[in-house]
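Heads up: the structure comes next, in structure tokens.
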Amino acid sequence: MGSDCVRYLSTRDPRPQPRTLSFDEVLLAGLAADGGLYVPDHLPSLGEDTLRRHAGLPYAELAGRIMTLFAGDAFAADELRRMAAQAYSGFRHPAVTPLVQLDERLWLLELFHGPTLAFKDLALQLVGLLFDAALARRREHVTIIGATSGDTGSAALEACRDRDAIDIFVFYPHGRLSEVQRRQMTTVEAPNAHAIAIEGTFDDCQDLVKALFSDTQLRHSLNLAAVNSINWARIAAQTVYYFAAAAALGAPYRRISFSVPTGNFGNVYAGHIARRMGLPVERLVIGTNRNDILARYIANGEMTIAAVEPSLSPSMDIQVSSNFERLLFELKDRNGAAVDEAIASFRRTGALPRADAEWRAAQGLFSAHKVDDTATMRTIAETYARSGVLIDPHTAVAVGAARAALAVDGDAPMVALACAHPAKFPDAVERATRIRPALPEVLGDLFERRERLTVLPNDQAAVTRYIRGHARRSEESE
Ligand SMILES: *Cc1c(COP(=O)(O)O)cnc(C)c1O
């Protein structure tokens, strides 16, 4: 592979020659020890010929090829192809991520045909297998911890359940999830999978994860790892459906636009990475709900934190979008010291230091629209009335933002990412359309399954005690 093998560095490494890691090292590490996020030292670039050859490829085959570009020497191409085939074999649609046309210029990209009915499965079903393979090879065990505002948690629990090399603990904000979301976590019956309700917000849960990671002793004794959306392997796996959808709609001959319901900035950032790799993307639209820090930033250059407000799209009830740090690294010309300083100041003051050149660059890369709860309900109702398609509130944010963007400019096909199945948020869908969406058959008994509920205070010591008490691996057993 030689010199174009991709290596990874931390967004906060201050050195002119940062230390670089391999794909499997960053896969297992998640967050960098300095608190930064891993990014590639360079991106693989795909020429027009390669993009042309994407047309008509089965999804798993395409996923194998794209992941190979990121994996360097860590996994062989046929190994990745095999894992991708296994990861996507459980999806309920043969296309894995089918497109549904809503009107002349607007498509839905259905990303909810995996086991937990949300797009997180696309990355996590594959990442679970990657973890397992990398650990088996090293004869290691990890304790995965993650924060979820709803969908990551169940997707991660499903991806890691019953795997010998993994214990997994997922924190979610107590009382802020839909019943389907909660049940999908609290009904996973596996000795290595733990869902924990934290008395706090999603941002509190994220802060807890970061705090646990910075406890060096805990980090080492339990071999902590992360699969939340900061893991680079997830970003890599999420670029695949951008390539797949674009190929189906005529790329590289046509430019394609995407509208993405955004919380932690992982999904839309993956679209940005696909574009950086050569995919002809016309426009990337960030859709936000009332928690609109990203829309405000794109509009006026101020990234100022506000209180998290519950909305109809709970998976996007986020004020601190972790993955934004990766874009910031790019906007700051890959200056890790400058990123470190800016993030520290954001943490301290609640506002990112203003930087107009960076803001203008971000405006050139993304447009953003806020779709509040009222507009979300209206979009669900209108979409059903016009096209007979039921969409969930997160998808409605994407569709609402897509329509706003289409009204402004561009005649490229617009793809709105349908990130959750309508039955995952049935109350809002029913209120908007008077139709209660049914769960897919495989999940029909979800409401009869027994729940195991664990509630902990938003307190690092209490959470640490719980994890030490329940992880199968501890110093004593080493
Ligand atoms: C996670 C999630 C989002 C937000 O995605 P990010 O990558 O965090 O921006 C949006 N909608 C649904 C349904 C989700 O599960």
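Any residue at all in the range 45-61 that's open to solvent by 40 Å² or more (accessible area, probe 1.4 Å), closer than 28 Å to His141 by Cα and in contact (Cβ under 8 Å) with a residue 40 or more places away in the chain?
Among the residues of the range 45-61, not one is open to solvent by 40 Å² or more (accessible area, probe 1.4 Å), closer than 28 Å to His141 by Cα and in contact (Cβ under 8 Å) with a residue 40 or more places away in the chain, which makes the answer no.
Which condition from (1) out of contact with any Leu (no Cβ under 7 Å at 6 or more places or on another chain); (2) at pLDDT 95 or above; (3) closer than 30 Å to Ala405 by Cβ; (4) open to solvent by 20 Å² or more (accessible area, probe 1.4 Å) is the one that Leu99 breaks?
Leu99 satisfies all of (1) out of contact with any Leu (no Cβ under 7 Å at 6 or more places or on another chain); (2) at pLDDT 95 or above; (3) closer than 30 Å to Ala405 by Cβ; (4) open to solvent by 20 Å² or more (accessible area, probe 1.4 Å) except (1).
Mind listing whichever residues of the range 12-27 are in contact with a strand residue (DSSP E or B) (Cβ under 6 Å, 6 or more places away or on another chain), open to solvent by 20 Å² or more (accessible area, probe 1.4 Å) and not hydroxyl-bearing (Ser, Thr, Tyr)?
Once the filter is applied, which keeps residues that are in contact with a strand residue (DSSP E or B) (Cβ under 6 Å, 6 or more places away or on another chain), open to solvent by 20 Å² or more (accessible area, probe 1.4 Å) and not hydroxyl-bearing (Ser, Thr, Tyr), the range 12-27 yields only Pro18.
Report yes if Ser259 is within 16 Å of the ligand (Cβ to nearest atom) and part of a loop (DSSP other than H, G, I, E, B), otherwise no.
Values: within 16 Å of the ligand (Cβ to nearest atom): yes; part of a loop (DSSP other than H, G, I, E, B): no.
Taking the combined requirement at face value, the residue does not satisfy it.
Here is a list of conditions, (1) within 16 Å of the ligand (Cβ to nearest atom); (2) hydrophobic (A, V, I, L, M, F, W, C); (3) in contact with a Ser or Thr (Cβ under 6 Å, 6 or more places away or on another chain), and Leu177 meets all of them except one; can you say which number that is?
Looking at each condition in turn, Leu177 falls short on (3).
What strands (runs of 3 or more DSSP E) lie completely within the range 40-156 and have 2 or more residues being within 16 Å of the ligand (Cβ to nearest atom)?
Values: elements: 99-103, 106-110, 142-147.
So the answer is 106-110, 142-147.
I'm checking my understanding of the structure. Among residues of the range 395-421 that are in a helix (DSSP H, G or I) and open to solvent by 10 Å² or more (accessible area, probe 1.4 Å), which one is nearest to the ligand (Cβ to nearest atom)? Write out each step before concluding.
Initially, the range 395-421 is screened for residues in a helix (DSSP H, G or I), giving 395-408.
Next, from what is left, pick out any that are open to solvent by 10 Å² or more (accessible area, probe 1.4 Å): 400, 403-404, 406-408.
Details: Gly400: 13, Arg403: 18, Ala404: 17, Leu406: 20, Ala407: 23, Val408: 22 Å.
Here the residue is Gly400.
Just to be sure I understand, how many residues within the range 196-223 are outside any helix (DSSP H, G or I) and open to solvent by 10 Å² or more (accessible area, probe 1.4 Å)?
At the first step, the residues of the range 196-223 found to be outside any helix (DSSP H, G or I) are 196-201, 215, 222-223.
Among the residues that remain, those that are also open to solvent by 10 Å² or more (accessible area, probe 1.4 Å) are: 199-201, 215, 223.
The total comes to 5.
What number of residues within the range 268-314 are among the hydrophobic types (A, V, I, L, M, F, W, C), within 14 Å of the ligand (Cβ to nearest atom) and in contact with a strand residue (DSSP E or B) (Cβ under 6 Å, 6 or more places away or on another chain)?
The number of residues fulfilling the criteria is 6.
In this structure, is Thr454 within 16 Å of the ligand (Cβ to nearest atom), at negative phi and among the β-branched types (Val, Ile, Thr)?
Working: within 16 Å of the ligand (Cβ to nearest atom): no; at negative phi: yes; among the β-branched types (Val, Ile, Thr): yes.
In short, no.
Determine whether Ala248 is within 16 Å of the ligand (Cβ to nearest atom), closer than 24 Å to Leu102 by Cα and either surrounded by fewer than 22 Cβ atoms within 10 Å (Cβ to Cβ) or without any contact (Cβ under 8 Å) to a residue 60 or more places away in the chain (or both).
On the way: within 16 Å of the ligand (Cβ to nearest atom): no; closer than 24 Å to Leu102 by Cα: yes; either surrounded by fewer than 22 Cβ atoms within 10 Å (Cβ to Cβ) or without any contact (Cβ under 8 Å) to a residue 60 or more places away in the chain (or both): yes.
No.
The values are calculated or read from the model by the stated rules, or taken from the named source; none is laboratory data. Because the structure is predicted, anything quoted here is derived from the model rather than measured. FYI the Cβ positions are ideal-geometry reconstructions off the backbone, even for glycines, and counts take in every protein chain you see. Heads up: the accessible areas ignore ligands, DNA and RNA and are worked out on the full protein's heavy atoms, side chains in. Shrake-Rupley method; radii C 1.70, N 1.55, O 1.52, S 1.80 Å.
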